[in-house]
Amino acid sequence: LLERQAPATLAIVHLFTLGVLSMAMCGAMMQLLPVVAGARIKYPRLLAWLVHLHLVAGSVSLALGFWQGWERAYLAAAFFLALGFGAFILAVGAGLWRVAARNATTRAMAFAVPALSVAVALGMGLALYRGGFAIVSYAPLSALHPLWGLAGWTGLLLIGLAYQVVPMFQLTPNYPAPLTRWLVPAVFGLLMLQTLAVAANAPPIAAYAVEAGLAAALAGFALSTLHLHRSRRRRQIDASLLFWRISMLSLIAAIVLWEAARMLPPGWQAKLELSAGLLTIAGFALGAINGMLYKIVPFLIWFHLQSRLQGKCAIPNMKEILPEAWALRQLWLYLAALAALLAALVLPTLVYPAAVLLGASALALWHNLLRAAFCYRRIAREARQAVSANTR
């Protein structure tokens with residue numbers, strides 16, 4: 001956490017953005033597209049394995065490339081990630097193209113997939129450059145790649161999923177119609193303007209103006225989500241809601257720090273940019289994904305059990321599939337890890353307890369999701385046994 005461009009920093013960042021965020025978001029899209037939009041994705045099991053295995057191989061190869069400086073690792077990463085993301089983009093893009101019912105979530109997904117395509121293309125260029133194939137200049141790609149990856153692919157998809165998940169699971173009013181209609185196209189348009197500004201080597205003031213517009217748009221989404229939380233019909237606070245609040249507050253704090261970095265001397269600028277990046281990835285993106293997983297996973301398990309086994313056995317509710325106490329334990333580990341990571345920017349030795357806490361939070365999340373999956377398999381197995389016994 002000492003330097004944005006340090007090899008270890010780049011390796012860890014991409015293990016998060018590719019290994020954690022993108023895998024979770026690809027999985028969420030493949031599961032939710034048929035549910036919220038009626039989109040049929042062909043060969044879903046084959047696609048899931050194809051995307052997952054190539055993202056695993058690509059994430060590990062890229063991290064090794066950054067960490068050790070191995071050119072072949074960069075080239076391997078470019079190959080695996082191109083196959084994994086390429087299959088995902090083609091399959092999901094085709095599903096979105098065939099969707100008849102358009103809503104705010106599907107429209108956001110329709111912008112998020114092209115944003116992912118741009119982020120992947122820019123990342124491929126950077127990986128090939130580091131692998132010894134200097135096809136284009138490194139600096140413009142380096143400036144645009146994180147913007148399209150975080151504000152484009154991650155930001156647009158999380159916004160689109162929030163339009164569905166927040167009112168549905170947190171019992172809030174719907175997002176305001178003007179926001180759901182214009183926010184996502186505005187963010188995508190601003191990203192396009194920033195790309196043109198970088199490509200044309202426009203004056204810095206032009207890039208700052210576009211960044212300010214992006215910051216205002218994303219801050220508006222975060223503030224709107226927090227406002228909806230205040231208007232929710234059920235006053236009981238659960239882990240998923242707290243994860244979302246941490247996510248939105250982290251996004252606002254990241255925007256404030258990033259804009260402040262533009263007005264301070266270089267010595268302060270580096271620390272503030274690191275803080276903003278940490279809050280964006282580990283706070284905003286990871287917090288929102290945790291919050292969604294604790295609702296989407298038990299809901300999908302309950303939904304599949306209901307559709308397959310209704311009338312054959314007792315179906316547990318969502319709280320029984322993934323108990324709230326488990327989620328809350330992981331929430332406190334996550335919050336402690338986030339606080340320790342931020343403190344480590346001031347006191348570097350705190351990075352070690354921060355790493356332990358972050359690892360413990362990740363293991364707790366893995367344990368909770370695995371227990372939920374085992375619950376599904378156990379009930380399905382017991383139902384099959386009961387049906388088999390009754391037919392004898």
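Sorted on the mean count of surrounding Cβ atoms within 10 Å across their residues, most packed first, peptides 86-95, 156-165, 373-382, 109-118 read 156-165, 109-118, 86-95, 373-382. Take every Cα pair under 8 Å whose residues are at least 6 apart in sequence, average their separation, divide by the length of the chain, and the relative contact order is 13 percent. Helix 155-170 axis versus longest C-alpha principal axis of the chain: approximately 30°, rounded to the nearest ten.
Rounded to the nearest 20, the Cβ-based charge dipole of segment 1-122 about its Cα centre (Lys and Arg +1, Asp and Glu -1) stands at 520 debye. Scaled to the globular estimate 2.2 N^0.38 Å, the Cα spread of segment 250-322, given as radius of gyration, is 1.86. Using a probe of 1.4 angstrom and keeping all protein chains present, the accessible surface of the chain works out to 48 square angstrom per residue.
Only lysines eight or more places from Lys319 in sequence, or on another chain, were considered; those with a Cα closer than 17 Å are Lys295.
Hey, any idea what % of the chain's accessible area is carbon plus sulfur with a 1.4 Å probe? Exposed carbon and sulfur together represent 69 percent of the surface. Taking the charge dipole of the chain about its Cα centre, with +1 at Lys and Arg Cβ atoms and -1 at Asp and Glu Cβ atoms, the residue from Ala77, Ile301, Leu62 reaching farthest to the positive side is Ile301.
Under a model in which nothing but the beta-carbon of Lys, Arg (+1) and Asp, Glu (-1) is charged, segment 183-247 shows a dipole of about 580 debye around its Cα centre.
Could you name the aspartates and glutamates whose alpha carbon sits less than 13 Å from that of Lys271, not counting residues in the same chain fewer than 8 places away? Cross-link targets: Glu3, Glu259.
Note on segment 81-238: Kirkwood hydrodynamic radius from all Cα pairs is 17.1 Å, rounded to one decimal.
Here the translational diffusion coefficient of the chain follows from Stokes-Einstein with Rh set to the Kirkwood radius across Cα pairs; for 4 °C and 1.567 mPa s it amounts to 59 µm²/s.
Seen from all directions on average, segment 147-212 presents a Cα convex hull projection of 4.8 nm². When you restrict to C-alpha pairs under 8 Å that are six or more residues apart and normalise by the size of segment 267-392, the relative contact order lands at 28 percent.
Which value at 222 nm does the chain reach when only helices count, each DSSP H run of 4 or more adding -39,500 (n - 2.57), with the total divided by all residues and rounded to the nearest 500 deg cm²/dmol?
Helix-only estimate at 222 nm: -26000 deg cm²/dmol.
If you take the Cα centroid of segment 200-232 and the Cα centroid of segment 1-40, the two points sit 21 Å apart. Whole Å is fine, so just give me how far the alpha carbon centre of segment 237-301 lies from that of segment 80-154. Taking the Cα centre of segment 80-154 as reference, the centre of segment 237-301 is 21 Å away. Taking the dipole about the Cα centre of the chain, with the C-beta of Lys and Arg at +1 and of Asp and Glu at -1, give me whichever of Gly213, Gly291, Leu223 is farthest to the positive side. Comparing the listed Cα positions along the dipole, Gly291 ranks first.
The values are calculated or read from the model by the stated rules, or taken from the named source; none is laboratory data. Quick caveat: nothing in here was measured; it's all calculated off a predicted structure. Here the Cβ is made from the backbone with ideal geometry for all residues, glycine too, and neighbour counts use every protein chain on show. Accessible surface areas use protein heavy atoms only, side chains included; no ligands, DNA or RNA. Shrake-Rupley method; radii C 1.70, N 1.55, O 1.52, S 1.80 Å.
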